[in-house]
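Before any comments, here is the structure.
Derivation of every value follows stated rules applied to the coordinates shown; laboratory data play no part. As the structure is a computational prediction, the values presented were derived from the model and not from experiment. We place every Cβ from the backbone using ideal geometry, glycine too, and count neighbours over all the protein chains shown.
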Amino acid sequence: MTIRQRKFIGAILLLILVVFWSLGIMALSQSAVVAAWFASGKVAQIVFYVVAGMGWVLPAMPLIRWMQRPDA
């Protein structure tokens, strides 16, 4: 597989990852457990959204590494 093909497939997979990640975080943020944690204050909300917002980077790193691998 050429680097061009890997980048095309990787870009599509990254878009899918980001869409599903954001939908999952939105659903999680509306759950009763997280809502109770949010009741403790705005700092808890900020921490949750920063961690959740940056969380997609960890699953994306191996995909990006695969996309950037040079051709054989």
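Annotations
- Among the criteria (1) touching a residue at least 40 places away in the same chain (Cβ under 8 Å); (2) surrounded by 10 or more Cβ atoms within 10 Å (Cβ to Cβ); (3) out of contact with any Lys or Arg (no Cβ under 8 Å at 6 or more places or on another chain), the one Arg6 does not fulfil is (3).
- Any chance Ala11 is out of contact with any Asp or Glu (no Cβ under 6 Å at 6 or more places or on another chain), of a type in the set (Gly, Ala, Ser) and over 30 Å from Ile64 (Cα atoms): no
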